[in-house]
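For reference, the structure is listed below as structure tokens.
The values are calculated or read from the model by the stated rules, or taken from the named source; none is laboratory data. Source: prediction; values computed, not measured. Please note: Cβ atoms are built from the backbone with ideal geometry, for glycine as well, and neighbour counts cover all protein chains shown. We work out accessible area using only protein heavy atoms, side chains counted, and drop any ligands, DNA or RNA first. Shrake-Rupley method; radii C 1.70, N 1.55, O 1.52, S 1.80 Å.
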Amino acid sequence: MKASLDERDLIILESIRDAGGPVGSWCLVEALDRKGYKLSSASIGRILYKLESLGYLESQANKGRIITLQGQQAMKKMKMLHSIDRHRKDLEKLINSRLLDEFLMVLQARKAIERETARLAAENITESKLKELEAILKQQEEKAMRGESIADIDIAFHRTIAEASRNSALLALYGLLAMMGQQSELFEFVRSMVNSPYRKAHRDIYNALAAHDPDEAERSIIRHMDSLIDDVKKYWEQYKV
């Protein structure tokens, strides 16, 4: 990236991208105002000129500016950096307050629940749910190959297994624990920090479910959860204060 983007720059780039056509400075005053930035049209014009000089915007005669492919890439990179910084700060708070122990307890509780959920899912999963899981898994694998975040798909994968178990109590318990401590984006960040990349564990789980093999489904989910727990412990040992 040629230059650092601040929040105002990101708002402008996103607004122009979402507009789907040329946008002038006067149209961006309201968008920035909603985000708490009260800027004049002239001030926004100067920001637009800066973004255009960086190659992130392109002028369309007197109609306004459109975002370039370079601008979209710069925006995505800066949003990713902001996300990493946010997760780093969240983890520092966890470590400094010694709440990471509670984080591990939630994972251990998930392990106990998900091993039974996986067994029931292997017994009760329908063809439609298998197709749903396969679609989720393909999307996850494609994103992992491109180096993109798979956090949202991780949640969808585990929730679909809980639904496939046909046990409403286990589904409710899983939902509660996920809200308490799953935080898939945070896990993803932890794994990147301890150099533990995506290991295709979900494919093993899926294969066991497709084979309707409760024992292998249980073993696969336990391996997956133990891996998460080990990664959190490694992070704790490396970065604790």
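Computed values, structure above
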read-out	value
Gly36 being under 19 Å from Asp6 (Cβ atoms), open to solvent by less than 30 Å² (accessible area, probe 1.4 Å) and either at pLDDT below 85 or not in a helix (DSSP H, G or I) (or both)	no
Residue, nearest to Leu171 (Cα to Cα), within the stretch 96-153, restricted to residues that are open to solvent by 40 Å² or more (accessible area, probe 1.4 Å) and outside any helix (DSSP H, G or I)	Thr126
Scan of the stretch 15-28 for residues that are open to solvent by less than 50 Å² (accessible area, probe 1.4 Å) and assigned to a helix (DSSP H, G or I), ordered by number	Ser15, Ile16, Ser25, Leu28
Near pairs, Cβ below 9 angstrom, 6+ apart or cross-chain, from the stretch 44-56 (under 18 Å from Ala31 (Cα atoms) and open to solvent by 20 Å² or more (accessible area, probe 1.4 Å)) to any residue that is outside any helix (DSSP H, G or I) and of a type outside the set (A, V, I, L, M)	Gly45/Gly24
Index of the failed condition, Asp226 passing every other in (1) open to solvent by less than 70 Å² (accessible area, probe 1.4 Å); (2) at pLDDT below 90; (3) out of contact with any Lys or Arg (no Cβ under 6 Å at 6 or more places or on another chain); (4) not hydrophobic (A, V, I, L, M, F, W, C)	(2)
